[in-house]
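Data first, discussion second: the structure below is written as structure tokens.
Derivation of every value follows stated rules applied to the coordinates shown; laboratory data play no part. No experiment lies behind these values; they were computed from the predicted model shown. When we count neighbours, we look across all protein chains shown, and the Cβ atoms used for this are built from the backbone with ideal geometry, even at glycine.
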Amino acid sequence: MDLQTNISHPFFAFVLLLATIVAVVYIVYFFPKEKNIYSAWQRYVLAVVKFLYAFFIGFLILSPVAGMIQKIVEKPVLVIGIDNSASVAADSVNVEFIRSFSSELRTNLSDRYSVETILFGEKPESNDSANFSALQSDYAEFFRDADKRFFNMNVGAYLLIGDGIYNRGPNPVQVLSDIEAPVFTVGVGDTIPNTDQAILDVIHNPNVFLGNTFPVEVEVGFTRFPHKTTQISVYMGDQLVKSEQIAVPQPDYFYRNTFFIEAKEEGLQNVSVVVSPLNQESNTENNRYSFVIEVHDNKKNVLMLSHGPHPDIGAIAETLEKQANYNVTSEYIAHFDKDLSSFDLVVLNQLPSRTTQNVAVFDSIVKSKKPILVIVGQKTSIAALNNLGFDFSLQPGLQNQEASAYFNTSFSLFSLPDNIKTVEDIYPPLITRYTQYETGSEYSILAHQKIKGVEMKYPLLMTGDVKNRKVAVIFGEGIWRWRLREFQYLGSQDAFNHIIVNLFNYLSLEEKEEQFKIQYERIVSEVDQVRIKAQVFNEIFEPVTDAEVSLVLKDSTGNELDYIFDSGSSGYNLDLGYLPSGEYDFETSVELGDNEFVKTGRFSVQEINIENQNLLANFNVLNNIANRTGGRFFTQSEHGELSETLLNSSQIKPRTYNEKNIYELIDWKVYVLIVLGLLSLEWFLRKFWGGY
């Protein structure tokens, strides 16, 4: 134990304390009066007792603290991950096994391990009670979450129990680089295929246009199929729109076909693809695939002007072409002679340039007041660009530099992806100009430049309304790398697509000056939360943040629920949470003075049936996970051997370390009890020996 004090000059204070206590004891027990009451040895005993408790009490004046070193033994953590998805519950035997086995592990291994259980489906959660109701399986997210949750802890091993069927996120084997402990896996489910015909995937565009035909690509897998033909049908609502007979030449067969469906009605439409079931099939849930499309009656034409082929233009065009409401036309500036009035939005890629300044074309673009996206690159003529009158300017200069994106999370003109900070860390830098930037107050900065890790005030991506024209500027070249890197690291391009599509939606949107506006997604998956945003303005179109915005939600059965929006600095927000699949109508309203504004809307929550598409357990995935991490794969029948392995493993050890704790002596109960004991002892002895 190490004693310290919090006062200055403790030595002198200590000497003064001793001198004071000795003086007090001498006065009390060695002056003539006390000598007549007690014998010599009694006085010495009483003096020692008084000296001790006086010293202990006086010592507290020095504010002493005690440092005590304690040996801590930290048991290794056993992280049990349980696949909580619906595919596991296809066989009730699996459910009973997992519940009993996980309970048995927690009981038998608790003396050696600190046992933590995580259930995972769409997302991981700490819970011991699996209900096997998750609509998707994301094995990779389990490992990411566990690595963060138990960072810097003594994780001895992971135990993963599931059927190995993942249908969300990347292959879990790809995310094991940060997992330092062995992963033991237990496979549940049936690996022997049964007679089945399953709709494996349906590829479609969620947005189509009225009067157009749209493709629906269907993939069907046949396993041990006993017949030579079957029937496939496509329905719009309850109406049969396509039907044909499928030839199945062999028991195990893969079928792919594209159906072209005409969009005859505007709005949200339910589409179902159905394969006629057989009596021999144990799983008929995967014979149907349902989805929702939105039929629009307008389309935007985008003109992309550049010197020639460029990957930035290709990345943006490929993203927009997947959206049914955009037609993209790419043209070279040297040969452009089309009528500008046929386009709704113009993209200038590194134009005007130092080599090509088609003044007539640029004059017509400026005069047209059409929305415009400017991409500034190495070929851009800064002087000519400054003269276009878009209320921003750069100092001319030829030197380039690399600048990464630093996204502005308070940007409010349109929504950013939820994982914007994740992609910010992985997006490679753009090639920008080493210069000074001046921008008008009309612009909002979507992303600033981060140069060599330093967050600068220079804009990288900005947009705004300049003289009644929507303008956006990307002050860098190489945005195509964002799309490529996101797919490389995250297995998708959702964030890039989200940014580009929302940017073009903002640019092409013909806004009306309305005092009450709402924003929401028309088609939502049942595994995503439903959110609605609203904005309220007064008569001079200043934001109003203290009004009460209400919403009445009606489901397909006619049930109604009332909600109130939460008010914030950027408007009003309402989180309806997770809703069952189906069609929903709503009415929002707000009162401003004597006026009431009402908006109505409709959205569809789309059913997720992916867990029933494939019920054949994938033990190869579980085996690969175990092998990559130094663990081992076990079947259900080998679960007893797994328990013995975890109990007797010499590689998994507790972690021991010393921990120093600081205590104030006044908080130490033993210290206080000693003082009280000495006080009581002196009082007792004085009474016993005839004193007072």
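Okay, here's what the table says:
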| read-out | value |
| --- | --- |
| Modelled FRET efficiency - R0 51 Å, Ala360 with Thr223, Cβ distances, 0.05 increments | 0.20 |
| P(r) histogram, all alpha-carbon pairs of the range 516-606 included - 10 Å bins from 0, percent | 16, 50, 26, 8, 0 |
| Extension gain from Met153 to Val24, taking 0.36 nm per residue of separation minus the Cα-Cα distance | 40.9 nm |
| Residues Tyr253 and Ser100, FRET efficiency given R0 of 35 Å [Cβ-Cβ distance, rounded to 0.05] | 0.35 |
| Nearby lysines by direct alpha-carbon distance to Lys599 (threshold 16 angstrom, same-chain neighbours under 8 apart not counted) | Lys512, Lys517, Lys533, Lys554 |
| Antiparallel DSSP beta bridges within the chain, as percent of all bridges there, nearest 5 | 70 percent |
| Helix-derived mean residue ellipticity, 222 nm - over the chain, DSSP H n ≥ 4, -39500 (n - 2.57), to 500 | -8000 deg cm²/dmol |
| Derived scalar couplings ³J(HN,Hα) [the range 395-406; Karplus, 6.51 cos²θ - 1.76 cosθ + 1.60; whole Hz; x for Gly, Pro] | 6, x, x, 9, 6, 10, 8, 9, 9, 7, 7, 10 |
| Degrees between helix 139-149 axis and first principal axis of the chain (Cα, 0 to 90, nearest 10) | 30 degrees |
| Cut-off under 5 Å, modelled amide H: who pairs with Val115 long-range | Leu78 |
| Table column - 3J(HN,Hα) (Hz), the range 109-126, Karplus curve with 6.51, -1.76, 1.60, x for Gly and Pro | 9, 5, 6, 9, 10, 8, 8, 10, 10, 10, 8, 9, x, 5, 8, x, 8, 7 |
| Distance-filtered residues of the range 593-635 - backbone nitrogen under 11 Å, label point 7 angstrom along Ala547 Cα→Cβ | 593-599 |
| Degrees between helix 359-368 axis and first principal axis of the chain (Cα, 0 to 90, nearest 10) | 70 degrees |
| Pair Ala334, Val15: separation of 7 Å Cα→Cβ label points (nm) | 9.6 nm |
| Cβ-based exposure ranking for Glu560, Glu486, in which fewest neighbours within 10 Å come first | Glu560, Glu486 |
| Nonlocal amide H pairs with Gly571, under 5 Å, H built at 1.01 Å | none |
| Pairs from Lys50/Lys687; Lys300/Lys379; Lys338/Lys370; Lys264/Lys299; Lys370/Lys467 whose Cα-Cα separation, in the structure shown, is over 19 Å | Lys300/Lys379 |
| Extension gain from Asp297 to Lys242, taking 0.36 nm per residue of separation minus the Cα-Cα distance | 17.5 nm |
| Sorted by Cβ neighbour density within 10 Å, fewest at the top, the residues Asp201, Asp238, Asp566 | Asp238, Asp566, Asp201 |
| Length released on extending from Tyr489 to Tyr563, taking residue separation times 0.36 nm less the Cα-Cα span | 22.7 nm |
| Estimated distance in nm for a label pair at Lys599 and His307, the labels positioned 7 Å out from Cα along Cα-to-Cβ | 4.4 nm |
| Residues of type lysines that Lys452 reaches as a straight line, Cα spacing below 20 Å, ignoring anything fewer than 8 places off in the same chain | Lys421 |
| Amide H contacts of Ile246 (H built 1.01 Å from N, under 5 Å, at least 5 apart or other chain) | Thr230, Gln231, Ile232 |
| Options (i) 66, 30, 21; (ii) 66, 42, 26; (iii) 62, 31, 21 - which one matches semi-axes √(5λ) of the Cα gyration tensor in Å as calculated here | (ii) |
| Helix axis angle, 669-688 relative to the chain longest principal axis, alpha carbon, degrees | 20 degrees |
| FRET efficiency for Ser410 and Ser129, using Cβ-Cβ distance with R0 set to 41 Å, rounded to 0.05 | 0.55 |
| Unit Cα scatterers, Debye sum, the range 288-340: log10 I(q)/I(0) for q = 0.22 Å⁻¹ | -0.88 |
